[in-house]
Amino acid sequence: MSTTSQWPLPAEGVRFLTPAFMLEQLHRHPLTRDCYPTAMGYYPQATGHRMRRPRHDDNLLLYCVDGHGRLSVGEQRTHITAGDLVLLPQGLAHRYAAAPDQPWSLYWVHFQGISSRIFMDYMGYREHKPVVHAGLAPSLVAAFHSLLAVNRTGYSSSAFINAANQCRHLFTQFVLEANRQRATHPAGLDLAAIQSTMQDSIHTSLELDELAAIAHLSKYHFSKRYKALTGYSPIKHFLHMKIEYACQLLDSTEMSIKAIADAVGYDDALYFSRLFRQTVGLPPRAYRSSGRK
């Protein structure tokens with residue numbers, strides 16, 4: 001089964017397959033066996049580009065940065081446009097093709113490794129939902145260009161180890177960008193405004209009702225959406241911001257623990273110290289001492 005589409009490559013395009021001997025090294029190496037690229041490329045304005053795989057031996061990520069195309073997975077048909085991320089895990093039969101009038105431009109990477117499915121799920125793949133909108137982000141394009149530079153290293157082992165870890169970084173970048181897209185969607189949360197309020201209130205306290213009111217949502221729906229975007233409940237995230245600021249004060253000032261507790265909105269220094277230890281793993285005094293050794 002062909003890994004790539006065999007689409008005729010234009011002068012400005014890139015198609016690069018990891019050689020078999022390097023795949024064997026990457027599969028065994030402890031720094032790369034979790035996730036490593038098996039092929040990668042860039043297809044600009046890919047007129048006539050199409051692929052059909054009744055059996056898929058690799059995992060595949062497609063990032064559309066221009067134009068349009070279509071994807072078929074089972075009975076599902078999806079229109080792909082700029083900013084869309086297509087996630088096709090190993091074993092998933094699929095078909096895709098560039099639109100004839102405005103063909104897409106794609107960055108893509110095939111990958112393998114024992115954590116491949118974990119990365120797929122982390123990026124947002126759900127059964128029968130292989131498309132996530134990550135938006136058009138210069139940082140993602142730059143990350144792809146950096147990854148593709150491995151094709152000019154003479155099959156250097158160290159370059160491929162770096163490329164494998166660049167893959168991991170790229171995948172986690174996609175999650176950040178997808179979260180930003182959801183946050184700026186008209187139906188989403190204005191995370192910037194909410195977190196700005198949190199930062200402005202770092203010296204005092206905030207109730208969940210106040211934050212939910214900014215989002216014009218009930219406490220329940222606000223908490224659910226906030227946690228989906230950040231991984232934390234709003235109040236937990238606010239606590240983390242306070243503890244981060246407390247760490248800065250411990251590192252950069254000679255303020256007493258009581259004064260620092262007051263600075264982050266806690267009248268009870270013992271209660272503050274307990275929260276600090278639960279979050280950081282050390283009490284405030286021990287944290288300050290550990291940084292001065």
All alpha-carbon distances of the range 191-290, grouped into 5 Å bins from 0, give the whole-percent distribution 2, 13, 24, 22, 15, 13, 8, 3, 0
Mean shadow area (nm²) of the C-alpha convex hull around the chain is 19.2
In degrees, nearest 10, the alpha-carbon axis of helix 138-148 is tilted away from the dominant principal axis of the alpha carbons of the chain by 50
Per-residue ellipticity at 222 nm attributable to helices in the chain (runs of n ≥ 4 DSSP H, -39500 (n - 2.57) apiece, nearest 500 deg cm²/dmol) works out to -14000 deg cm²/dmol
Highest GNM mean-square fluctuation among Ala93, Ala215, Ala269, for the chain with Cα springs under 10 Å, belongs to Ala269
Helix 269-280: inclination vs the chain longest Cα principal axis, degrees, rounded to 10, gives 20
Under a Gaussian network model of the chain whose springs join Cα atoms within less than 10 Å, the largest fluctuation of Leu189, Leu60, Leu275 belongs to Leu275
The convex hull of the Cα atoms of the range 14-184, divided by residue count, gives a volume in Å³ per residue of 109
Sorted by chain and then number, the residues having a modelled amide H within less than 5 Å of the amide H of Ala82, at least 5 places away or on another chain, are Gly67
Inter-part gap, Cα centre of the range 193-223 to Cα centre of the range 253-278, in whole angstrom, is 22
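The numbers here are math on the coordinates, done by the rules we state, and not lab data. Just so you know, these numbers come straight off a predicted model, no measurement behind them.
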